[in-house]
Amino acid sequence: MKLHSILLSALFLAAMSFNASSASIDGAVTSSEYQWNTDGSEGSDKWMSFNSSGAYQEYNDASGGDSWDLNYLGTSVSNGQFQFGVIGGEILDGQKTGSSYSSGAGIYLSDFAIGVNASADPKLDSSGFQYAIRLLDIVGSVANFALLEGGTWEGANIYDGTSHENTHKTDTYKMVNATSTKTFSGVWTNNGGDDNVLEGGFDIKWLSLFDPSIGGTLSTYITMACVNDEALVHADVSPVPLPASFFLMAPVLAGVLGLRRRKMRI
């Protein structure tokens, strides 16, 4: 039984290694790195007041130099990793960037919400988002993150009771009472203005609800306490195909298993 497990694990890792090239987690996001992103019509949602033309512009539609701007969110799944990159203002360093003019509450970055085959709208319903990525701190250029699961979401509505209440609130802001935590590191680049970059990646097997052999949709959502900008990306991930080497290895594996059965009978 142990041999079977070892062989199956080896085949899984071999299959993952034949995936497309990964994005470079180096603090410099390029348009070709991320397969799914807010550049184009991928499905981000931003506060309309930032767009004077009256139409959504996915990349840099929130650009204006404000310290809480979110301009871009990209995700990628390759070489066994879930990867993400964000471009925006100083809020991406995880610190307070300002306060609501009406309530005085601080403006902080939300958790990244991740949903496996989620159908819920994160602005109205957090139930479809089972995981959260939380930026813990930044040491130099190293960004430290935690992957949370098993908790519930708290919303953000710092404009409660004002004219902005309906457009500046979300149900998916911070995950609380999480029951499981893994940590990983990424990169922070302070380019100034609203061109800062935050990137990270982790083993996709940490998303226990996602089966790479079946595939599915991974949705990623990010905003901030004031909910001025939002980004939502849906990544349709194809099942991981068996590499060509598997078919070359199959006769060898069959022989090994057959030899083991013969030894066990002797």
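Computed from the coordinates by the stated procedures, all read-outs in this text should not be read as laboratory data. Given the structure is predicted, the values throughout are model-derived calculations rather than measurements. Counting neighbours? That spans all protein chains shown, and the Cβs are built from the backbone with ideal geometry, glycine included.
Below, the figures for the structure above:
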read-out	value
Ranked list, fewest to most other Cβ atoms within 10 Å of each Cβ, for 164, 234	234, 164
Highest-first arrangement of 135-141, 109-115, where packing means the average Cβ count within 10 Å	109-115, 135-141
Protection-proxy order for peptides 209-217, 93-101, each taking the mean of Cβ atoms within 10 Å per residue, highest first	93-101, 209-217
Reachable aspartates and glutamates from residue 169, criterion Cα separation under 17 angstrom, eight or more residues apart if same chain	45, 69, 111, 121, 125, 154, 160, 229, 230
